[in-house]
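Read through the structure below, which is laid out as structure tokens, and then see the notes.
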Amino acid sequence: MKIEPLGRGNSQTLPGLYRHLPRLAFAGGVAFWAANFATSLLPVAAEYRAALSISYLPMVFVESLVAGLLVGLFVSFFLLRFYETLPTQSPMLKAEILSVVALVVLTIVTWGAGSLAEPSDASRYFLIGTVLNLPRFLALGIAVGYFCKRLYGRAP
């Protein structure tokens, strides 16, 4: 007895559907890391890191790559798993929708954890952190959508 994935016809089995998942996650992670490296050069990012006592080298070179790979993995997985149920026909737009959802979820989690420490300008640094995350997640969604379209053709 063959079990069909939700929202899919008989076109592909589950292992075949996810064969490019590591490539998509890697592309998203590298795009996230590159955008993080670019935004880390801004003076406002230096102020943000200083206010939250974040060291520059581990955050830029290691932690952002690991975070990008994890978020890229989740965005890629949900893009492939729910491709047919997401609105629009463009894989890039579908990946951007999922990337924005990930940004909102992580912003809420960060806000909840950050509200416990309460620095003097907590709301200001929360807003700066959210604005600094926008290009990271935008780049991740574009990369995952682009490579999904390139690897799978029109639809996975």
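The values are calculated or read from the model by the stated rules, or taken from the named source; none is laboratory data. In this text, all values refer to a predicted model and were calculated from it rather than measured experimentally. Here the Cβ positions follow ideal geometry from the backbone for every residue, glycine too, while neighbour counts run over all protein chains shown. Heads up: the accessible areas ignore ligands, DNA and RNA and are worked out on the full protein's heavy atoms, side chains in. Shrake-Rupley method; radii C 1.70, N 1.55, O 1.52, S 1.80 Å.
Here are some notes:
- Checking Leu86 against (1) of a type in the set (A, V, I, L, M, F, W, C); (2) surrounded by 16 or more Cβ atoms within 10 Å (Cβ to Cβ); (3) assigned to a helix (DSSP H, G or I), the condition it does not meet: (3)
- Residues (surrounded by fewer than 17 Cβ atoms within 10 Å (Cβ to Cβ) and touching a residue at least 12 places away in the same chain (Cβ under 8 Å)) located in region 46-60: Glu47, Ala51, Leu52, Tyr56, Met59
- Filter result for Ser115 (open to solvent by less than 80 Å² (accessible area, probe 1.4 Å) and at pLDDT below 70): yes
- Failed item, numbered, when Glu63 is tested on (1) of a type in the set (D, E, K, R); (2) open to solvent by less than 50 Å² (accessible area, probe 1.4 Å); (3) at pLDDT 90 or above: (2)
- Only one entry of Ile128, Ile142 meets the criterion of being modelled with pLDDT of 90 or more, within 21 Å of Trp33 (Cβ to Cβ) and either part of a helix (DSSP H, G or I) or open to solvent by less than 50 Å² (accessible area, probe 1.4 Å) (or both), and that entry is Ile142.
- Selection from region 70-114 of residues that are under 19 Å from Leu134 (Cβ atoms) and of a type in the set (Ser, Thr, Tyr): Ser99, Thr107, Thr110
- Residues in region 10-30 that are part of a loop (DSSP other than H, G, I, E, B) and open to solvent by 40 Å² or more (accessible area, probe 1.4 Å) were compared, and the one that is modelled with the lowest pLDDT is Asn10.
- Residue match in region 33-42 (condition: open to solvent by 30 Å² or more (accessible area, probe 1.4 Å), of a type in the set (A, V, I, L, M, F, W, C) and in contact with a Phe, Trp or Tyr (Cβ under 7 Å, 6 or more places away or on another chain)): no
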